[in-house]
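A.B. asks: Okay, handing you the structure first.
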């Protein structure tokens with residue numbers, strides 16, 4: 001029997017979290033297959049076939065799959081689900097939207113956002129915003145999992161030579177229609193896969209100041225940009241930069257928190273970072289209780305100094 | 001348009017969750033319980049739809065022990081018209097909750113089922129999508145804007161790369177994100193009024209749902225704690241530490 005990873009992509013490139021999901025899938029026993037459901041996603045299937053440890057790439061190509069709508073991708077997965085012991089999705093907004101839909105159709109008790117594989121039927125997952133870890137055992141014939149990318153290393157993008165098989169694309173559901181995606185194009189690394197993250201909080205005060213203080217430091221360090229919920233709510237940064245319990249979960253080598261007090265919900269998204277730096281003028285901020293290096297300073301003078309010193 | 005809102009009773013996020021003595025669950029005995037904040041946002045949206053004349057009625061449903069009735073009274077005080085408690089004294093995984101709510105929906109026949117994108121206790125993020133799957137309805141998850149339009153809904157979603165807008169047909173399931181709205185405060189007159197609103201109690205057996213599951217929690221533990229680090233006096237020291245001690249730049 002084999003394990004199926006459902007690839008996240010934009011028809012041009014695999015999303016970073018897919019690589020980490022493959023690493024988790026390889027711990028489950030059995031061959032790892034990957035499903036690329038898309039439209040004109042030839043480059044994605046080529047990239048998927050080259051990933052180390054992939055035995056088979058299944059390619060479903062059709063207009064119905066262009067935008068990765070949950071109803072259609074779910075149907076595509078269900079068409080082959082019975083061939084697998086595990087269906088494994090990245091725990092991104094996309095994967096979280098689809099996996100439970102698949103699980104319910106299979107009458108399977110999904111295990112969300114696993115952070116460790118104890119055995120092929122037993123997994124660790126964080127609960128209560130990461131304040132507790134639950135070890136859960138699932139006895140479904142087909143197990144549905146989502147994988148927290150930050151908890152697993154990325155699979156090597158090279159060295160593999162997978163078989164490529166095409167499969168018929170399922171039709172559109174007729175119930176859901178893509179209208180548009182509003183995104184801010186960025187040359188910076190993907191937040192959930194970056195090795196360095198520079199995050200700003202409410203203390204930045206405005207969108208202009210957020211951009212003026214945070215972005216040059218991020219660019220100097222080749223870092224991704226993150227934000228606290230307070231900064232996103234206040235409109236200083238777009239929603240997809242939110243780090244926290246309900247936003248993105250990151251675990252970079254270096255996380256620099258600037259003007260972030262460190263609410264529990266924010267800490268849930270970054271406390272597994274290797275090294276944490278906090279710059280804040282309030283010595284009582286909870287972020288100082290978990291940061292490795294705490295600089296009590298006015299961020300508006302400290303960050304430009306830091307930039308100059310690098 | 002009839003709206004059904006599903007809510008969960010959870011431990012207050014301000015209360016520190018502790019491991020139960022037997023090590024296989026979370027101690028809820030003395031903690032303050034609240035309505036899951038995401039579900040509160042879903043309920044607020046339903047009430048606003050009714051105030052704007054789009055929704056004709058708002059029914060709220062929750063699954064849990066009898067104390068869950070308190071959360072449903074809160075929902076009635078916020079502005080829901082009726083409440084349904086599906087009483088169950090065991091912990092219910094998301095798939096079972098989805099089956100129970102789907103069974104309630106089969107009786108209520110709502111045009112729209114609204115709920116939070118996740119509960120802040122188990123952080124599963126499953127129930128809405130599972131209801132949609134069981135009822136074969138379209139779904140819009142992580143909604144930050146919901147606009148009814150010619151018998152459909154145009155929903156803006158918080159996705160990985162920004163904001164995605166989709167159109168779904170009705171009936172549908174929508175799960176809501178943080179920035180959809182700010183829930184209202186409950187007033188005393190509304191608390192008094194809520195006492196007179198109907199609250200019906202059902203059992204899983206009456207709904208024909210088997211609550212046994214194939215998932216169990218073997219143990220719950222605290223993760224290794226991160227120790228607070230050192231204070232650095234200035235930027236120069238910070239840079240030195242990052243270069244020579246942590247070696248991350």
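The values are calculated or read from the model by the stated rules, or taken from the named source; none is laboratory data. From a predicted model like this one, the values you see are computed outputs, not experimental measurements. Heads up, the Cβs are rebuilt from the backbone with ideal geometry, glycines too, and the neighbour counts pull from every protein chain shown.
A.B. asks: State whether the residues of region B:157-175 include one that is within 7 Å of another protein chain (Cβ to nearest Cβ), in a loop (DSSP other than H, G, I, E, B) and closer than 20 Å to residue A:178 by Cα. It would help to see each step written out before you state the result.
C.D. replies: Here is the first cut: in region B:157-175, the ones within 7 Å of another protein chain (Cβ to nearest Cβ) are B:158-169.
From what is left, the residues that are in a loop (DSSP other than H, G, I, E, B) are B:160-161.
Narrowing the set further to residues that are closer than 20 Å to residue A:178 by Cα leaves B:160-161.
Checking region B:157-175: at least one residue is within 7 Å of another protein chain (Cβ to nearest Cβ), in a loop (DSSP other than H, G, I, E, B) and closer than 20 Å to residue A:178 by Cα.
A.B. asks: For region B:186-197, name all the residues that are surrounded by 13 or more Cβ atoms within 10 Å (Cβ to Cβ) and out of contact with any helix residue (DSSP H, G or I) (no Cβ under 6 Å at 6 or more places or on another chain). Give the steps one after another, and end with the answer.
C.D. replies: To start, the set of residues in region B:186-197 that are surrounded by 13 or more Cβ atoms within 10 Å (Cβ to Cβ) comprises B:186, B:190-191, B:193-194, B:197.
Listed by number, the list holds a single entry, B:193.
A.B. asks: Which of the residues spanning region B:133-156 are over 16 Å from residue B:114 (Cα atoms) and assigned to a strand (DSSP E or B)? Give the derivation first.
C.D. replies: Residues of region B:133-156 over 16 Å from residue B:114 (Cα atoms): B:149-151.
Once the filter is applied, which keeps residues that are over 16 Å from residue B:114 (Cα atoms) and assigned to a strand (DSSP E or B), region B:133-156 yields only B:149.
A.B. asks: Select from region A:217-243 the residues that are surrounded by fewer than 24 Cβ atoms within 10 Å (Cβ to Cβ) and within 13 Å of the chain's Cα centre (by Cα) and list them in ascending order.
C.D. replies: A:240
A.B. asks: Looking only at region B:126-167, count every residue that is closer than 13 Å to residue B:97 by Cα and in contact (Cβ under 8 Å) with a residue 40 or more places away in the chain and tell me the total.
C.D. replies: 5
A.B. asks: Which ones in region B:198-249 are touching a residue at least 24 places away in the same chain (Cβ under 8 Å) and buried (at least 16 other Cβ atoms within 10 Å of the Cβ)?
C.D. replies: Step one: list which residues in region B:198-249 are touching a residue at least 24 places away in the same chain (Cβ under 8 Å), which gives B:198-204, B:207-209, B:211, B:213, B:215, B:217-222.
Hits for region B:198-249 are B:199, B:202, B:204, B:207, B:209, B:211, B:213, B:215, B:217, B:220.
A.B. asks: Same structure again: Hey, any hits in region A:24-37 for a residue that's farther than 30 Å from residue A:118 by Cα and in contact (Cβ under 8 Å) with a residue 40 or more places away in the chain?
C.D. replies: Step one: of region A:24-37, the residues farther than 30 Å from residue A:118 by Cα are none.
The answer is no; no qualifying residue exists.
A.B. asks: Another one. Name every residue in region A:183-209 that is within 13 Å of another protein chain (Cβ to nearest Cβ), assigned to a helix (DSSP H, G or I) and either without any contact (Cβ under 8 Å) to a residue 24 or more places away in the chain or out of contact with any strand residue (DSSP E or B) (no Cβ under 7 Å at 6 or more places or on another chain) (or both), in order of residue number.
C.D. replies: Residue satisfying the conditions is A:193 alone.
A.B. asks: Would you mind stating whether residue A:278 is in contact with a helix residue (DSSP H, G or I) (Cβ under 7 Å, 6 or more places away or on another chain), closer than 15 Å to residue A:254 by Cβ and modelled with pLDDT of 95 or more? Spell out the reasoning first.
C.D. replies: Values: in contact with a helix residue (DSSP H, G or I) (Cβ under 7 Å, 6 or more places away or on another chain): yes; closer than 15 Å to residue A:254 by Cβ: yes; modelled with pLDDT of 95 or more: yes.
Taking the combined requirement at face value, the residue satisfies it.
A.B. asks: Further, regarding this structure: Could you check region A:284-296 and list, in sequence order, the residues that are within 7 Å of another protein chain (Cβ to nearest Cβ) and without any contact (Cβ under 8 Å) to a residue 24 or more places away in the chain?
C.D. replies: If the condition is that a residue be within 7 Å of another protein chain (Cβ to nearest Cβ) and without any contact (Cβ under 8 Å) to a residue 24 or more places away in the chain, then A:292, A:293, A:294, A:295, A:296 are the ones that fit.
A.B. asks: If you don't mind, there's one more thing I want to ask. Has region B:96-119 got any residue that is at positive phi and facing chain A (nearest Cβ under 7 Å)? Walk me through how you get there before you give the answer.
C.D. replies: Residues of region B:96-119 at positive phi: B:109.
This time we only want the ones that are facing chain A (nearest Cβ under 7 Å), so: none.
Within region B:96-119, not a single residue is at positive phi and facing chain A (nearest Cβ under 7 Å).
A.B. asks: Output yes when any residue across region A:53-65 is surrounded by 21 or more Cβ atoms within 10 Å (Cβ to Cβ), in contact with a helix residue (DSSP H, G or I) (Cβ under 9 Å, 6 or more places away or on another chain), under 27 Å from residue A:224 (Cβ atoms) and in the same structural domain as residue A:112 (by TED's automatic domain parsing), and no when none is.
C.D. replies: The answer is yes, given that some residue of region A:53-65 is surrounded by 21 or more Cβ atoms within 10 Å (Cβ to Cβ), in contact with a helix residue (DSSP H, G or I) (Cβ under 9 Å, 6 or more places away or on another chain), under 27 Å from residue A:224 (Cβ atoms) and in the same structural domain as residue A:112 (by TED's automatic domain parsing).
A.B. asks: Kindly indicate whether any position in region A:73-90 is touching a residue at least 60 places away in the same chain (Cβ under 8 Å), under 24 Å from residue B:100 (Cα atoms), buried (at least 18 other Cβ atoms within 10 Å of the Cβ) and in contact with a strand residue (DSSP E or B) (Cβ under 9 Å, 6 or more places away or on another chain). Walk me through how you get there before you give the answer.
C.D. replies: Just the residues of region A:73-90 that are touching a residue at least 60 places away in the same chain (Cβ under 8 Å), to begin with: A:73, A:75-77, A:79-90.
Now restrict to residues that are under 24 Å from residue B:100 (Cα atoms): A:75.
Adding the requirement that they be buried (at least 18 other Cβ atoms within 10 Å of the Cβ) leaves A:75.
Now narrow it down to the ones that are in contact with a strand residue (DSSP E or B) (Cβ under 9 Å, 6 or more places away or on another chain): none.
No, there is no match, as no residue in region A:73-90 is touching a residue at least 60 places away in the same chain (Cβ under 8 Å), under 24 Å from residue B:100 (Cα atoms), buried (at least 18 other Cβ atoms within 10 Å of the Cβ) and in contact with a strand residue (DSSP E or B) (Cβ under 9 Å, 6 or more places away or on another chain).
A.B. asks: Considering only region A:165-206, how many residues are over 23 Å from the mean Cα position of the chain (by Cα) and surrounded by 14 or more Cβ atoms within 10 Å (Cβ to Cβ)?
C.D. replies: At the first step, the residues of region A:165-206 found to be over 23 Å from the mean Cα position of the chain (by Cα) are A:165-177, A:179, A:202-206.
Within this subset, residues satisfying the condition of being surrounded by 14 or more Cβ atoms within 10 Å (Cβ to Cβ) are A:167, A:169-170, A:172-173, A:175-177, A:202-205.
The total comes to 12.
A.B. asks: With a cut-off of at least 1 residues that are under 23 Å from residue B:249 (Cα atoms) and within 11 Å of chain B (Cβ to nearest Cβ), name the strands (runs of 3 or more DSSP E) lying wholly within region A:210-283. Working first, answer last.
C.D. replies: Numbers: elements: A:224-227, A:254-258, A:275-280.
Of the strands (runs of 3 or more DSSP E) lying wholly inside region A:210-283, those with at least 1 residues that are under 23 Å from residue B:249 (Cα atoms) and within 11 Å of chain B (Cβ to nearest Cβ) span A:254-258, A:275-280.
A.B. asks: Given (1) buried (at least 18 other Cβ atoms within 10 Å of the Cβ); (2) touching a helix residue (DSSP H, G or I) at 6+ places or on another chain (Cβ under 7 Å); (3) touching a residue at least 12 places away in the same chain (Cβ under 8 Å), identify the lone condition not met by residue A:112.
C.D. replies: Every condition holds for residue A:112 apart from (2).
A.B. asks: Only residues that are under 30 Å from residue A:145 (Cβ atoms) and either more than 36 Å from the chain's Cα centre (by Cα) or facing another protein chain (nearest Cβ under 7 Å) (or both): list them for region B:212-249, please. Before you say what the answer is, go through the steps one by one.
C.D. replies: Looking only at region B:212-249, we keep the residues that are under 30 Å from residue A:145 (Cβ atoms), and these are B:212-226.
Passing the criteria: B:213, B:214, B:215, B:216, B:217, B:218, B:219, B:220, B:221, B:222, B:223, B:226.
A.B. asks: Further, regarding this structure: Of all residues being within 11 Å of chain B (Cβ to nearest Cβ) and in a strand (DSSP E or B) in region A:74-115, which is nearest to residue A:268 (Cα to Cα)? Just the residue, please. Give the derivation first.
C.D. replies: Taking region A:74-115 first, the residues within 11 Å of chain B (Cβ to nearest Cβ) are A:74-75, A:78, A:90-113, A:115.
Of the ones still in play, those that are also in a strand (DSSP E or B) are A:90, A:111-113.
Working: A:90: 18, A:111: 19, A:112: 16, A:113: 13 Å.
Only one residue tops the list, namely A:113.
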